[in-house]
1. Mind telling me which of the residues A91, A132 ends up being open to solvent by 20 Å² or more (accessible area, probe 1.4 Å) and in contact with a strand residue (DSSP E or B) (Cβ under 8 Å, 6 or more places away or on another chain)?
2. In the stretch 93-119, what residues are more than 24 Å from F148 (Cβ to Cβ) and touching a Phe, Trp or Tyr at 6+ places or on another chain (Cβ under 9 Å)?
3. Looking at the stretch 1-76, what helices (runs of 4 or more DSSP H) fall wholly within it and have at least 2 residues that are free of Cβ contacts under 8 Å to residues at least 24 places away in the same chain?
4. Taking the stretch 109-127, which residues are of a type in the set (G, A, S) and surrounded by fewer than 16 Cβ atoms within 10 Å (Cβ to Cβ)?
5. Please state which of the following conditions L81 fails to meet, knowing it meets all the rest: (1) modelled with pLDDT under 95; (2) open to solvent by 10 Å² or more (accessible area, probe 1.4 Å).
6. Among the residues of the stretch 184-207, which ones are surrounded by fewer than 16 Cβ atoms within 10 Å (Cβ to Cβ) and assigned to a strand (DSSP E or B)?
7. If D210 meets every condition in (1) open to solvent by less than 30 Å² (accessible area, probe 1.4 Å); (2) more than 22 Å from A265 (Cα to Cα) apart from one, which number is that one?
8. If P147 satisfies every condition in (1) touching a residue at least 60 places away in the same chain (Cβ under 8 Å); (2) in a helix (DSSP H, G or I); (3) open to solvent by 50 Å² or more (accessible area, probe 1.4 Å) but one, which is the exception?
Amino acid sequence: MSGLAVRAAASVRSPRGRVPEGVPAALDYFRDLLTPFGEKPDEELLSRGPHVHHRDLVDLLVADEGVGRSRPELAIVAHALPDVVPFTAVAPHLTEQLGGWAVNFAIGQQGLAAPFTALRIASAYHRSGRAAEVVIAVLEQTTLPTPFPLPLPRATSLTDSAAALVLGASTGEGLGFVRAHAAGSAAAALGRELGEDGTLLVLGPWVTEDVPDHGAVHRVAPGSYCTSLWLELADHWQEWQRDFRRIVLCDTDPRSGRSHVALFAATGG
């Protein structure tokens, strides 16, 4: 069976928020969650956030024609930061918008590794014959009950954003997913992926170390924790597949220090 290739993609940046709702109930939950760790929720911080729910981000992604017409057998939601209001199941909501038949689940608590894990799972499902088409939604909302411990410069803040990839069997020319893996540094993770002509290296905003010399490099601007690479891929995948034979995505989780790489390559032609 052929591998998965990108069929459509969509991105969302800084959507309009909502009036805060359910904050008192959420505060009770966050108090119970944080108190054992000597923390307490910051009510002012929670109230002044944009309150863009994960469901809102999914709805905006599905409004894109390319994503909205997909009828996947597998739908995966990946996120590094929690939803505004706890106890929400967003993967079933995504599935309902896309025909209602997909096996669905979310991947969280992995930092920016979550979308890379989603790609590996999607590829395994496809190879086993269980999913001819897959949708991966990478979500990031920024209304949090406590300041999130990321090493952000004072002038930099995270913005609400989301990206979706529709992946299906490779037929003819396209951009196919090859593999994803991780290592203790960006240089180690990139070791076997660079060196071939026609390769574009896309570096996320958290890669601060020196990486192997490479000709074509696209650096992603700061502003997100886990969505940055996938926003750029959603926006540029069609032009990149015309101009390059291989696309290497790389970012380093600022909390764990581990670097993650995903390789896509031109198919057919």
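The values are calculated or read from the model by the stated rules, or taken from the named source; none is laboratory data. If you're wondering where the values come from, they're calculated on a predicted model, not measured in any experiment. Note that each Cβ is placed from the backbone with ideal geometry, even for glycine, and that neighbours are counted across all protein chains shown. Accessible surface areas use protein heavy atoms only, side chains included; no ligands, DNA or RNA. Shrake-Rupley method; radii C 1.70, N 1.55, O 1.52, S 1.80 Å.
1. A132
2. Hits for the stretch 93-119 are T95, V103, L119.
3. The helices (runs of 4 or more DSSP H) meeting that bar are 23-34, 43-48.
4. Matches in the stretch 109-127: A124 only.
5. (2)
6. Answer for the stretch 184-207, where residues must be surrounded by fewer than 16 Cβ atoms within 10 Å (Cβ to Cβ) and assigned to a strand (DSSP E or B): there is none.
7. (1) is the only condition that D210 fails.
8. Just one mismatch for P147, condition (2).
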